[in-house]
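All remarks here apply to the structure that follows.
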């Protein structure tokens, strides 16, 4: 059993719940830093890709999970970040500046969507973002002078302070470093005034207004923040892909991001990371299983799509709190061990009440 | 503690009207709230009591009239600026933040106070940690005042109804308002909880020095705690005065209380 | 001058023909949304399933078109009924988001399954009206498009009378607004909802079987859903006449944009309209405005 004995306020809002947690996470970080000495460049490349997707997933989570605004078109922001970064690099800007500018560019695009999005919510917002993503995809395809259109755009190698970051080890550390930075920044935001306000906006706008939270500004700001983080992921993705074409940023990518966020567990940063890890490793897992499946099933490319759908459906039906939910349940089981109540997380029967009058 | 009629009123509502589509929720309403008093607004359903609250807290735009709070015209303010002026409210259907804990809800009550610059929050500077600790200390006072200590870290979702009402009251108090609006604070509470509420409202007025305006149906609570009562019907003031005066007013009895 | 009007008339006729498809698909979407408040992102995939089944029945089994159409409609209706009864029903009472996610998941599954079973090549099948067109005063229209127009109007009329004048229709409306109250009034809500899904499946089947010969039997058929979404939004979410009006308008706007506006606009104009409508007038042309009482 675990009890929190806090003697100071700051213990209550610390990042770790206990020294045990802190040591565990420190160990994890150590292991991740030590990996390049033991793993092949291929694996390091894959892990770097997973880190990039984690950042993108965190970006979407900070919108959907925190303020409850649904976005089905986040691939657009990845695209804007990626193309923007490539363009800035081609103009000779140093790497950190280019990444920051790409993120800001993406954030402004987020603001562009976020400000009209204030007036709509829920389903309508999902559709606006969907439409936005399709429009961006088309613009990228047609604006050949800047984006290279459908033929594509090459990306310069990343160079930082004279060192090339394109080697697998260097790129791995680069991605890991950015991920940790983004994670810490979001964690800090969440446990201070802004984070609380964002959650307030998600839960009850009426109460938020009454408490002095400028709801509309918060919602637009959340969009900008989310788009910025996702744009940052895009700039890293540009180096991973090395060559940008519009069909790397389709609706499917947006839906993959949504899958990560939903399967991971809405509203938690841990969920975003877990979801990203699961979804990005799914294709490799599927290609591992393919040799074992009967020929008629395995040979078509629909298998991946099918399995993605199946995994999402299973989570929505049986574990709506996502991977994070499962983590929390296991943790609460371990913490309250002898007196764990079997139905702690049991869901009650619920009747549908129209959300149109919400 | 009785108020003196010589001090200027805290809130003045002047010939206020509010229409929804074809329905006139408030018609030519004028009233004033004196500092340090507990004012009860009673009346049948549809009288416009909650609409009055919503008009003052800028949920809706009035179609006519003025609202002045300490000399400032509220109708020119935006909805989220009301809290910064020192006005707080609770809601008829509890609007708590369900996914958060009681402590988080109360901390959010303090939003109108400086929470740190954005870069301080992202970097978690020592200055910000001190700010957060100060905020926690202030919130603890309210937790103590309302006996919420056992519920401090409980998520709202599992709390009993009576406790939720108290948490919402606490959240409004954390904003350190001068004027507190309570929308049917006793609805859904059993008699014991209602008696506790009466003591708290009295303490809010005498210890914290907050002026309270409450919309209420429970006449025992009104008689126990209110200094002045205004009865509304069909968007207008029907009668005002002390609780006994209003309760014995013939028009009030006809429209609302029954013989 | 005459040339301009001729082109305009031709575009209008094309627009209405295309719009009728959008309207039919939007109709299915709005039915399901009105009843269960779930926006069925898998609707386009129901179209795909219909098209592929029709292909199978016509070219592989050699059935006549009408028979294939009826069997497909029935089959997809049953499939949609089963989808609701077995899968969608389980998330009743959860926030709308869960429904969206589930239908997206189902869309993926159906799309993946169809890909696996049929492979990636596009196919086609003959209809009694293929390659035939009618000329009216210089404007030509494919007979198939006329049929689509006719079918859409017929389906709309049938549904209108169904919802207005039959007990089942009224029950559906009741169940959509407040499930618990509907239960207490003796409405068998679960069955009613599944039947609405079946109706949605019927409209999808008609749309899919009739549209496929024009755009080829291919998984990309599901893209029509997005255009139908724009139609829904333009017409007014939750409004059945709105779906029809919206569909026709989107069809027209696209055709005009293809000629009168810069190159490439035609592809995105439907989505621009969607965004514009949601910003300026969220409840569309014929929809109801909603607000929350605090």
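Applying the selection to the stretch B:137-161, what residues are at the interface with chain A (Cβ under 10 Å from one of its Cβ atoms) and surrounded by 19 or more Cβ atoms within 10 Å (Cβ to Cβ)?
B:139, B:156
Restricting the stretch A:308-327 to residues that are assigned to a helix (DSSP H, G or I) and either on the phi > 0 side of the Ramachandran plot or within 7 Å of chain C (Cβ to nearest Cβ) (or both), which is modelled with the lowest pLDDT?
So the residue we want is A:322.
Residues C:231, C:270: which one is farther than 14 Å from residue C:25 by Cα and within 13 Å of another protein chain (Cβ to nearest Cβ)?
When all the criteria are applied, what remains is C:270.
List pairs: first residue in the stretch C:280-294 and facing another protein chain (nearest Cβ under 10 Å), second residue at pLDDT below 65 and buried (at least 16 other Cβ atoms within 10 Å of the Cβ) anywhere in the structure, Cβ distance under 6 angstrom, at least six positions apart or on different chains.
C:290/A:356
Condition check ((1) within 17 Å of residue B:216 (Cβ to Cβ); (2) within 12 Å of another protein chain (Cβ to nearest Cβ); (3) in a loop (DSSP other than H, G, I, E, B); (4) in contact with a helix residue (DSSP H, G or I) (Cβ under 7 Å, 6 or more places away or on another chain)) across all residues:
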| residue | (1), (2), (3), (4) |
| --- | --- |
| B:41 | yes, no, no, yes |
| B:60 | no, yes, yes, yes |
| B:65 | no, no, no, no |
| B:98 | no, yes, yes, yes |
| B:107 | no, yes, no, yes |
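Which residue, of C:141, C:148, is touching a helix residue (DSSP H, G or I) at 6+ places or on another chain (Cβ under 7 Å), surrounded by 14 or more Cβ atoms within 10 Å (Cβ to Cβ) and in a helix (DSSP H, G or I)?
Criteria check complete, one pass: C:148.
Would you mind finding the one in A:200, A:221, A:212 that is within 18 Å of the chain's Cα centre (by Cα) and facing chain B (nearest Cβ under 10 Å)?
A:221
Give me the pairs: first residue in the stretch A:276-301 and facing chain C (nearest Cβ under 10 Å), second residue at pLDDT below 80 and surrounded by 12 or more Cβ atoms within 10 Å (Cβ to Cβ), beta-carbon distance under 7 Å, and six or more apart or on different chains, which are they?
Sorted first by the residue in the stretch A:276-301, then by its partner, the pairs are A:298/A:290; A:300/C:119.
Of all residues in the stretch B:18-39, count the ones that are assigned to a strand (DSSP E or B) and either touching a helix residue (DSSP H, G or I) at 6+ places or on another chain (Cβ under 9 Å) or more than 15 Å from residue B:218 (Cα to Cα) (or both).
Count: 15.
Given the conditions (1) more than 10 Å from chain A (Cβ to nearest Cβ); (2) in contact with a helix residue (DSSP H, G or I) (Cβ under 8 Å, 6 or more places away or on another chain); (3) over 19 Å from residue A:207 (Cβ atoms), which single one is not true for residue B:102?
(3) is the only condition that residue B:102 fails.
Applying the selection to the stretch C:76-95, what residues are over 16 Å from residue A:319 (Cα atoms) and in contact with a helix residue (DSSP H, G or I) (Cβ under 9 Å, 6 or more places away or on another chain)?
C:76, C:77, C:78, C:79, C:80, C:81, C:82, C:83, C:84, C:85
On the given criteria, is residue C:172 buried (at least 19 other Cβ atoms within 10 Å of the Cβ), within 11 Å of chain A (Cβ to nearest Cβ), in a helix (DSSP H, G or I) and within 23 Å of the chain's Cα centre (by Cα)?
So residue C:172 fails the test.
Need the failing condition index for residue B:92 against (1) farther than 30 Å from residue A:13 by Cα; (2) within 14 Å of the chain's Cα centre (by Cα); (3) more than 8 Å from every other protein chain (Cβ to nearest Cβ), just the number.
Failed condition: (3).
Looking at C:212, C:198, can you tell me which residue is surrounded by 24 or more Cβ atoms within 10 Å (Cβ to Cβ) and away from every other protein chain (no Cβ under 12 Å)?
Of the residues listed, the single one that is surrounded by 24 or more Cβ atoms within 10 Å (Cβ to Cβ) and away from every other protein chain (no Cβ under 12 Å) is C:212.
Report, by residue number, each residue of the stretch A:253-270 that is in a helix (DSSP H, G or I) and under 14 Å from residue A:312 (Cα atoms).
A:255, A:256, A:257, A:258, A:259, A:260, A:261, A:262, A:263, A:264
Among the helices (runs of 4 or more DSSP H) lying completely within the stretch A:82-186, list those that include at least 2 residues that are under 20 Å from the mean Cα position of the chain (by Cα) and within 14 Å of chain C (Cβ to nearest Cβ).
Output list reads A:95-117, A:123-142.
So, residue C:110, is that one within 14 Å of chain A (Cβ to nearest Cβ), farther than 21 Å from residue C:68 by Cα and part of a helix (DSSP H, G or I) or not?
No; evaluated as a whole, the condition is false for this residue.
Just give me the residues in the stretch C:234-247 being surrounded by fewer than 24 Cβ atoms within 10 Å (Cβ to Cβ) and either within 30 Å of residue C:5 (Cβ to Cβ) or away from every other protein chain (no Cβ under 11 Å) (or both), in sequence order.
Passing the criteria: C:239, C:240, C:241, C:245.
Give me a count of the residues in the stretch C:215-227 that are surrounded by fewer than 24 Cβ atoms within 10 Å (Cβ to Cβ) and over 13 Å from the mean Cα position of the chain (by Cα).
So the count comes out to 5.
Tell me the residue from B:114, B:69 that is more than 7 Å from chain A (Cβ to nearest Cβ), free of Cβ contacts under 8 Å to residues at least 60 places away in the same chain and under 26 Å from residue B:10 (Cα atoms), please.
B:114
Is it the case, given these coordinates, that residue B:48 is closer than 21 Å to residue A:206 by Cα and touching a strand residue (DSSP E or B) at 6+ places or on another chain (Cβ under 6 Å)?
Yes, satisfied.
Evaluate the following for residue C:91: is it farther than 22 Å from residue C:18 by Cβ, within 14 Å of another protein chain (Cβ to nearest Cβ) and in contact (Cβ under 8 Å) with a residue 60 or more places away in the chain?
no
Counting only residues that are surrounded by fewer than 21 Cβ atoms within 10 Å (Cβ to Cβ) and at the interface with chain A (Cβ under 9 Å from one of its Cβ atoms), how many does the stretch C:182-195 have?
Selection size over the stretch C:182-195: 1.
Check C:77, C:20, C:9, C:68 and return the single one that is out of contact with any strand residue (DSSP E or B) (no Cβ under 9 Å at 6 or more places or on another chain), within 24 Å of residue C:245 (Cα to Cα), part of a helix (DSSP H, G or I) and touching a residue at least 24 places away in the same chain (Cβ under 8 Å).
Among C:77, C:20, C:9, C:68, only C:20 is out of contact with any strand residue (DSSP E or B) (no Cβ under 9 Å at 6 or more places or on another chain), within 24 Å of residue C:245 (Cα to Cα), part of a helix (DSSP H, G or I) and touching a residue at least 24 places away in the same chain (Cβ under 8 Å).
Yes or no: the stretch C:95-107 includes at least one residue that is in contact (Cβ under 8 Å) with a residue 24 or more places away in the chain, more than 8 Å from chain A (Cβ to nearest Cβ) and over 21 Å from the mean Cα position of the chain (by Cα).
no
Would you point out which residue out of B:75, B:84 is away from every other protein chain (no Cβ under 14 Å), assigned to a helix (DSSP H, G or I) and free of Cβ contacts under 8 Å to residues at least 40 places away in the same chain?
On inspection, the qualifying residue turns out to be B:75.
Checking residue C:120 against (1) more than 8 Å from every other protein chain (Cβ to nearest Cβ); (2) surrounded by fewer than 18 Cβ atoms within 10 Å (Cβ to Cβ), which test does it fail?
Against the list (1) more than 8 Å from every other protein chain (Cβ to nearest Cβ); (2) surrounded by fewer than 18 Cβ atoms within 10 Å (Cβ to Cβ), residue C:120 comes up short only on (1).
The values are calculated or read from the model by the stated rules, or taken from the named source; none is laboratory data. On a predicted model such as this, the values are computed, not experimentally measured, just so you know. Note that we place each Cβ from the backbone using ideal geometry, even for glycine, and neighbour counts take in every protein chain shown.
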